[in-house]
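Peer 1: After the structure tokens below, expect a handful of questions from me.
All of the numbers you see were taken from the coordinates with simple rules; none came from a lab. It should be emphasised that the depicted structure is a prediction, and the values quoted were computed from it without experimental measurement. Every residue, glycine among them, receives a Cβ derived from its backbone with ideal geometry; neighbour counts consider all protein chains shown.
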Protein chains: 2
Amino acid sequence: MHADTFIHDMAIIMLVAGLITIIFNKLKQPVVLGYLLAGVIIGPHTPPFELIHDKQIIMVLAELGVIFLMFSLGLEFSLKKLAKVGPRAFITAVCETSLMVTIGYNLGHWFGWQEMDCIFLGAMMAISSTTIIVKALGELGMKQQKFAQLIFGVLIVEDILAIGIIALLSGLATSGAVNSHEILSTVGKLSLFIIVSLILGLLTIPRLLAYISKFNSHEMMLISVLGLCFGFCLLVLALDYSVALGAFMMGAIVAEARPLALIEKLIEPIRDMFCAIFFVTIGMMLNPEVMLQYLTPILLISLALMIGKIIGATTGSFISGQNGKTSLRVGMGLAQIGEFSFIIAGLGSTLKVTSNFLYPIAITVSAITTLLTPYLIKAADPLSKIISSHTPKVIKNPFKIYTVWLRDLHPTGDSAMLVKIIAKIVLQVIVNCALVIAVFLAGVFIATNFDQKIINDAEGTLLNEQIHRSIICGLAIFISLPFIIAAYRKLKALAMMLSEMWISNQFGGKHTYKLRRIIFESLPIIVITLIMSFIFSISKHILPDPPVLLMIVTSEIILALILWKPMVKLQSWLQIELFTVMETNHEHQ
Amino acid sequence: MHADTFIHDMAIIMLVAGLITIIFNKLKQPVVLGYLLAGVIIGPHTPPFELIHDKQIIMVLAELGVIFLMFSLGLEFSLKKLAKVGPRAFITAVCETSLMVTIGYNLGHWFGWQEMDCIFLGAMMAISSTTIIVKALGELGMKQQKFAQLIFGVLIVEDILAIGIIALLSGLATSGAVNSHEILSTVGKLSLFIIVSLILGLLTIPRLLAYISKFNSHEMMLISVLGLCFGFCLLVLALDYSVALGAFMMGAIVAEARPLALIEKLIEPIRDMFCAIFFVTIGMMLNPEVMLQYLTPILLISLALMIGKIIGATTGSFISGQNGKTSLRVGMGLAQIGEFSFIIAGLGSTLKVTSNFLYPIAITVSAITTLLTPYLIKAADPLSKIISSHTPKVIKNPFKIYTVWLRDLHPTGDSAMLVKIIAKIVLQVIVNCALVIAVFLAGVFIATNFDQKIINDAEGTLLNEQIHRSIICGLAIFISLPFIIAAYRKLKALAMMLSEMWISNQFGGKHTYKLRRIIFESLPIIVITLIMSFIFSISKHILPDPPVLLMIVTSEIILALILWKPMVKLQSWLQIELFTVMETNHEHQ
């Protein structure tokens, strides 16, 4: 019987995983390593014999492991936290990951590997393992220290970068080519998708979950959350992105809901179960022969990984303004790879663009670096003392001066306030423009996918198509109106501030007000026109002929002027909703 | 991609289940019904189109649903609770299930169905649904009432009966024949397996889980418990029992562990998730056409089910000593079928012994009766008032007299104490004998499965085989010694009590003491000899020739006399351990 085979396989995996978790907890080693080892033991490549009969179903369950892992990471990810550690973590993460991608890519070429293998190696080496670091710091009792908070910040930024990398690699693997236009277009579409989903998700889902929590039923909450997570994965799959992205994003959205603590508690056991299956399955794919065959690359990659990560993250952290000691701690904490590398390696092998040896290499390197993580963290302080006492003052002083200079550079008082306000306005303009773009892209999508049929059925003449396009374009503009108006108003506010800064009373004399007025009346209109031209240019498919378009635009402008007030109200209500969701404090664990 | 298909299917199921759980909670209907409906909608038999692509994997996941469902039921099952509600619940359950099996079996024949279909119909109708009743009573706020406690007791007994029925049906379906010897042997082996596993499990597993709980890691606890559950399922599968039995028993064993509350919390979300999949999958198998085709049998079965269950359970409850009103409430609460019926129907279709229409019938009948459960519970009190006011006193009085008579019959004071003590001793003798039988059966198992090879390799002469048998038989007796000694001592205590009761001073005169001594010295030896003869008779395979056997037995008796004290100590230590585990109070929810 089929089901019995499966139960047999499941039983073997859970039994071995259960034994392993006890042994590895007793030995105080990371359980993830144990799972990998368990996978090697029950896998097909090692004696005594193959214990798993139906590998395919188990692989499919491992896929669920990825979803729950990413969803949990998303739950722990928080837009608020990101804003807090923001710039500093961003500098460190970008510094480190770009260094690692470069190292990995060149190392691959040095080994004489194919182009795609090199790219995937670079990507695999870029992202540190949240799972491993959180556990290691927890076990060392260092979770609350300052450098740990910084590491968590870096990990959050790395998560986002990883999501981007995964999406990029998928695109790259399917198109097969590496050109900058492709990459730009992929990144652009991806960012747009993320922004729009986040906004729509944050407006609806926390509200829905708050409603569900009123029923006081754990089952209902769990099944609804799972429905949301998998439902979003479905959408993401339809758009050809990876489920990892979908699960992570839905996690991040659900993280802003009020019953977050309950949801985390409910998801935790499911995640733990499927993660165990996921890591065991990864271990099953490790062929010790391949591992021995590629021992030299594995050791070199591990070494390069640790040195590269430590140098990259320490430098990045130092540039972002930390002192040497903290920077070194951050660097040594991040020196390993884990779940994301497995996902990236898995992506390569499912898309069949990488060589078979890449997966075992990723696993072995992860195992080696994971094993060393706690020791590296513990070695950070002694090492920083040694470096500090052996570095001559001539070298030390410039570094100190940099740190102090950076601290003084930080804007304070009025100017800091001004920078903040301008940044906020720019952000709001970008968000509103993104929504407008999304509306138009949706229009293009509908026009190309669904309407083609109708047009074909109607034996569409040119005139017919003109009407059709006019309707879609008119609707798109109408739906975008609140956002366009909002962007216009924000730009006007910005223009006012800028005009006051640029045109001082001394410069303008008695014309001061007039000059300022010219700026703050014309600037927003110019910018909006530019933005709309850009949007029109990317959505040529649904635009009618220019004269018709002009008519539509004119009538919509008139409509906008009439409906100005209700639309402003609608938009600001949406905006308030969004910020309320994000600024509410949740009962986080 | 294979994994994508699966994620797609999973997403559809979870999305629909999520929607359904919200809608059905809002409508205050049982969510299980919603899941079934969701299954029908996304299933292959209904328009718009088939939404699930890889049914096989989903079916396999549903199998996991059965395991987690049964494991949870096991967790809620408690040997202590069973002892408390014991006899009364037992009478009600046996009364009701035997009536239902009879009704179902005969109804099937009346429809002109095949023998196996009739048997499975009877089994399907026998067991009420714990899931549905617990939820319905919870929603009506009646969980704490006296009749609800009685219903829970009946459900516990029914769970055990169901486990027996499932094991019996599996045996019956594979052997194909219904003969009483087969049934007796199946039931005997099953009871033996259950008793031995429970004893060994209770001695080791709560201890292990208490040790694990010291690590204070949710992940470790969960994975260990899952390992235990699936590991035991593996053993059960190897012995050709159903996984439902294995999961339930492991649940019952884990329920006696100290960290029960934590384990329940960790298992709950996993159970909820897989149960949703399980019920949706069951819905998917419902073909509305078949349902319409068999509408008459479905309606008749539903009607027979409700009437039969109400009459059976009410009568049983009344016989066991409840008043009319409580009995009717118990009866009306139990009038539905659920998860066990699906498992039994599923068993029939996997073993390919039942017709295809049985599954949809089980689902539809369950849906109808589930839907009516809350109304039946609410209707119990008005109905009992109507019956009470319309029944003439001539009929009512005998019933009242019965209730009063039964209450008076209950032993009180000294005699009640005596009955309790005797029952306890008999139980201990049975448990010890079961262990001895288990040791011998293990010997038979080893001799037939593993040693055949060795004997064949050694070109075994008769002498060789004699030595072989002597070793196994000698070892089996040696391992059993502590239990035989314990049984002997308990029997002696019993014989002492009985001899004092039977031979009063008036009857024995001055020989009183001698007569009593003859009884309490000879009785235990006679009983032990009888038991051992029985055991030897079922394990002929491993017995050497009579003279050798006699030698072995004699030497072991001498050994027993020498090692008497340490063996008594060992056995009583084991017994104390067992009872400590079962009598400790856990932090149950």
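Peer 1: To make sure I understand the rule: partners must be lysines, Cα under 16 Å from the Cα of residue B:569, and not fewer than 8 residues away in the same chain. Which ones qualify?
Peer 2: The qualifying lysines are B:490.
Peer 1: Residues of A:213-221, mean number of Cβ from any other protein chain within 10 Å of their own Cβ, rounded to a whole number?
Peer 2: For peptide A:213-221, the averaged partner shielding equals 4.
Peer 1: What are the distances, in nm and sorted shortest first, from the label point of residue A:564 to the label points of the same position in each other copy, with each label point placed 7 Å from Cα along the Cα-to-Cβ direction?
Peer 2: 11.0
Peer 1: For segment A:54-382, build the charge dipole from Cβ charges (+1 Lys, Arg; -1 Asp, Glu) around the Cα centre, then report which of A:293, A:343, A:252 sits farthest towards its positive end.
Peer 2: A:252
Peer 1: Count, for each residue of A:242-250, the Cβ atoms from other chains sitting within 10 Å of its Cβ, then give me the mean as a whole number.
Peer 2: 1
Peer 1: Then there's this: How large is ³J(HN,Hα) for each residue in segment A:33-39, as worked out from phi by the Karplus curve 6.51 cos²θ - 1.76 cosθ + 1.60 (θ = phi - 60°), to whole Hz, x for Gly and Pro?
Peer 2: Listing the rounded values in order: 4, x, 4, 4, 4, 4, x Hz.
Peer 1: Helix-derived [θ] at 222 nm for chain A: sum -39500 (n - 2.57) over DSSP H runs of at least 4, divide by residue count, nearest 500?
Peer 2: Working: 24 runs with 488 residues, N = 589.
The helix contribution divided over chain A gives -28500 deg cm²/dmol.
Peer 1: Hey, got the average number of other protein chain Cβ atoms within 10 angstrom for residues in B:263-275? Could the numbers behind the result be given before it?
Peer 2: Working: counts 1, 0, 5, 6, 2, 6, 16, 7, 3, 10, 9, 1, 2.
Counting other chains' Cβ atoms within 10 Å and averaging over B:263-275 gives 5.
Peer 1: If you put a point 7 Å past Cα along the Cβ direction, how far is that point for residue A:402 from the same point in each other copy, in nm, smallest first?
Peer 2: Those label-point separations list as 9.4 nm.
Peer 1: Using only the Cα atoms of chain B, what semi-axes does the equivalent ellipsoid have when each is the square root of 5 times a gyration tensor eigenvalue? Give whole Å, largest first.
Peer 2: Over the Cα atoms of chain B, the semi-axes work out to 45, 33, 24 Å.
Peer 1: I've got another one for you. When the dipole is taken about the Cα centre of chain B, and only Lys, Arg (+1) and Asp, Glu (-1) are charged at their Cβ, what size is it in debye, to the nearest 20?
Peer 2: I would put it at about 2660 debye.
Peer 1: Show me, for segment B:292-304, the HN-Hα J-couplings you get by feeding each phi into the Karplus relation (A = 6.51, B = -1.76, C = 1.60, θ = phi - 60°), rounded to Hz, glycine and proline as x.
Peer 2: These are the phi-based 3J(HN,Hα) values: 5, 4, 9, 4, 4, x, 4, 5, 5, 5, 4, 4, 4 Hz.
Peer 1: When a/c is below 1.5 the answer is rounded, else prolate if a/b is larger than b/c, else oblate, so apply that to segment B:413-583 with a ≥ b ≥ c taken from the square roots of the Cα gyration tensor eigenvalues.
Peer 2: Working: a/c = 2.91, a/b = 1.92, b/c = 1.51.
Prolate.
Peer 1: Where does helix B:564-583 land angle-wise versus the long Cα axis of chain B, in degrees 0 to 90, nearest 10?
Peer 2: 20
Peer 1: Let me ask something additional. I'd like the Karplus ³J(HN,Hα) series for segment A:230-236: coefficients 6.51, -1.76, 1.60, θ = phi - 60°, whole numbers in Hz, and an x wherever there's a Gly or Pro.
Peer 2: 6, x, 5, 4, 4, 4, 4
Peer 1: Using amide H atoms built in the peptide plane, which far-off residues or other-chain residues are under 5 Å from residue B:338 H to H?
Peer 2: Here the answer is B:129, since their amide H atoms fall under 5 Å of that of residue B:338.
Peer 1: For the protein assembly as shown, with only Lys/Arg (+1) and Asp/Glu (-1) charged at the beta-carbon, what is the dipole magnitude about the Cα centre, in debye rounded to 20?
Peer 2: Its charge dipole is roughly 4360 debye.
Peer 1: Can you list which of the trypsin sites (Lys or Arg not before Pro) found in segment A:321-379 are DSSP loop residues with at most 11 other C-beta atoms within 10 Å? Let's see the in-between values first.
Peer 2: Numbers: sites: A:325, A:329, A:352, A:378; in loops: A:352.
Within segment A:321-379, the qualifying trypsin sites (Lys or Arg not before Pro) (loop, at most 11 other Cβ atoms within 10 Å) are A:352.
Peer 1: Continuing with the same structure: Put the label 7 Å from Cα along Cα→Cβ for residue B:299; what are its distances to the other copies, in nanometres, shortest first?
Peer 2: Spacings between copies for this position, smallest first, are 8.1 nm.
Peer 1: For segment B:521-541 and segment A:309-385, compute the distance between their C-alpha centroids and round to whole Å.
Peer 2: 69
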